[in-house]
Amino acid sequence: MRFFDRKNEIEKLRKIEELSYKVAQFTVISGRRRIGKTSLVQQAYDKKQWIYLFVARKSESELCDSFVESISEATNITMPKGTKHFAELFRFLMELAETRHLTVMIDEFQDFNRVNPSIFSEMQNIWDSHKNRAKINLIVCGSVNSLINKIFRNDKEPLYGRHTEMLTLHPFTPSTLKEIMQEYKPDYTADDLLALYMTTGGVAKYVELFVDWGCLTRKEMLDRYFQKDSYFLGEGKGMLIEEFGRDYGTYFSILSLIAQGHNTRSVIEEMLGVQISGYIKNLTEDYGLIVKRQPLMEKSSNKNVHYFLNDEFLRFWFRYVFKYSYMTESGANQKLREIVERDYTTYSGRVLENWFVETLIEQGEYTRIGYWHDRKGENEIDIIAADELNDKVMFCEVKRQADNIDIPILKTKAETFMKSTHSFSKYEIEYKGLSLDDFVH
């Protein structure tokens, strides 16, 4: 699959490189695993000479041997092997950057914590000593969100405040997923596109796999996803165990319940029999895996709170792969595939709502986007999008089939919302139904 999207990020990286000829630059690129951080840098600097260093989980001396080869090849400077400490190599690069411009990328930067945690403080001292004279474009990438936050955003850590830029990569937007389907599956159906979003969450690597395999119909994607020894079946566990460490069992149980729709703290605590406030705080603030949502215009910050997974791939993985892991362990993959097919209409309806919310966010025309339901659960509005600068609001009902949308009922619900919240009553109001028919080519 060719490279898609990331135009703003590429432009920013190229501007950072230009600036680094005058002032040393230290850029942090973060983002979940498989999101395309390395590919982004490759695309931005495809015609430039740059040094790529990957932090594998080896001893520091073994790692330095591989780094010496990479540095020698990129700089045409023969370096003697036998360096045992990364600090020596980093000092060499910073001193070299005082005589010539360098672009250096360090991938999986957080894994230095496994190799030798003192590397971070050693880098701080070297960076502070040489940055004013060095013409260096230093880029570090990390895929473990909690560690990257700790390294660069915790004021007790040595590299706190040293970075000059921080980029966070997000999944492909709905418009980019449409562009990919138009190129590789021009006759795609709305359900094909929805299934691509549902199973990949717009994560670049997962999308690329389906494209390269030629699996771009709903049936082909789901068949491939659940086949024995599938790439995807172990992905959620492999991605998150390092984040959670020894407590991963409790975290996984919480995420699984949220993915199944049990998304209030009281319900989760009742089902698990444990207090989860600390876990919820970590999942929200440190790991960035769940978001706290309330009905739009809720006055209290503590009432009517619901939690949602904000990663579409993980939502699907926890809903089916983790919940029914006993099936894949016993080889009953086809049975699990049948469960997904049984649930598909209901489950994909929720995914459809998320798709349209992401579409509205991408358009950037609204200052507030959310949902609403009353305390009794008698009235619910799928999407409310308000433009508070131009006094406009749109109420949306989302259904898979357009024939199931009832605009008069939506109007009644909107009136109830405006009366109970005293919001938007003087705005220009639009009522809209959204369905699979709105997945235009």
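For the reader, a short list of remarks on this structure follows.
- Order of exposure, largest accessible area first, which applies to THR412, THR359, THR99 with probe 1.4 Å: THR99, THR412, THR359
- Ordered from largest to smallest accessible area (heavy atoms of protein chains, 1.4 Å probe), the residues TRP50, TRP317 come out as TRP50, TRP317.
- With an a/c value of 1.5 or above and a/b larger than b/c for the gyration tensor axes a ≥ b ≥ c computed over the alpha-carbon atoms, the range 283-441 is described as prolate.
- DSSP finds beta bridges in the chain, and of those with both partners inside it, around 35 percent are antiparallel.
- What separates the Cα centres of the range 380-441 and the range 192-256 is a distance of 32 Å.
- By the Cα gyration tensor, the chain has an equivalent ellipsoid whose semi-axes, rounded to whole angstrom, run 43, 25, 23 from largest to smallest.
- The magnitude of the dipole of the chain, with charges of +1 and -1 set on the Cβ of Lys/Arg and Asp/Glu and taken from the Cα centre, is near 760 debye.
- When the surface is traced with a 1.4 Å probe over the full set of protein chains, ARG34 keeps roughly 80 Å² accessible.
- Taking every protein chain into account, the 1.4 Å probe leaves LYS281 with about 110 Å² of accessible area, to the nearest ten.
- Debye intensity ratio in log₁₀ form over the Cα atoms of the range 72-139, taken at each q of 0.11, 0.19, 0.27, 0.29 Å⁻¹: -0.26, -0.82, -1.41, -1.44
- Shape summary of the range 96-172, radius of gyration then Dmax from alpha carbon positions: 13.0, 39 Å.
- Shape descriptor for the range 18-58: Rg over Rh equals 0.99 (Cα atoms; Rh from the Kirkwood inverse mean 1/r).
- Counting only protein heavy atoms and a 1.4 Å probe, the range 76-166 has 45 square angstrom of accessible area per residue.
- Cα-based helix-to-principal-axis angle, 86-96 vs the chain, degrees rounded to 10: 80
- When you work out D = kT/(6 pi eta Rh) for the range 291-343 at 4 °C and 1.567 mPa s, using the Kirkwood radius from C-alpha pairs as Rh and the Stokes-Einstein form, the result is 97 µm²/s.
- Cα gyration tensor category, rounded, prolate or oblate, for the range 167-291 with a/c compared to 1.5: prolate
- Cα Rg over Rh - the range 215-352, Kirkwood: 0.99
- Relative to the longest principal axis of the Cα atoms of the chain, helix 190-200 runs at roughly 50 degrees.
- The percentage of C-alpha pairs in the range 159-233 whose separation is greater than 20 Å is 34%.
- Distance from the C-alpha centroid of the range 299-343 to that of the range 67-123: 42 Å, rounded to the whole angstrom.
- Just so you know, the Cα atoms of the range 1-122 work out to an Rg and Dmax of 14.9, 42 Å.
- Top of ARG375, ARG319, ARG337 by mean-square fluctuation, Gaussian network on the chain, Cα under 10 Å: ARG375
- Within the accessible area of the chain, the carbon and sulfur atoms contribute 45%, probe 1.4 Å, all protein chains present.
- Solvent-accessible surface (1.4 angstrom probe) belonging to HIS101, in square angstrom, nearest 10: 40
- The listed residues ASP229, ASP111, once ranked by accessible area (1.4 Å probe) with the largest placed first, stand as ASP229, ASP111.
- The range 362-407: C-alpha gyration tensor shape, a/c 1.5 cut-off, then a/b vs b/c: oblate
The values are calculated or read from the model by the stated rules, or taken from the named source; none is laboratory data. As the structure is a computational prediction, the values presented were derived from the model and not from experiment. FYI the Cβ positions are ideal-geometry reconstructions off the backbone, even for glycines, and counts take in every protein chain you see. For the accessible areas, the whole protein counts, side chains as well, though only heavy atoms, and no ligand, DNA or RNA atoms are used. Shrake-Rupley method; radii C 1.70, N 1.55, O 1.52, S 1.80 Å.
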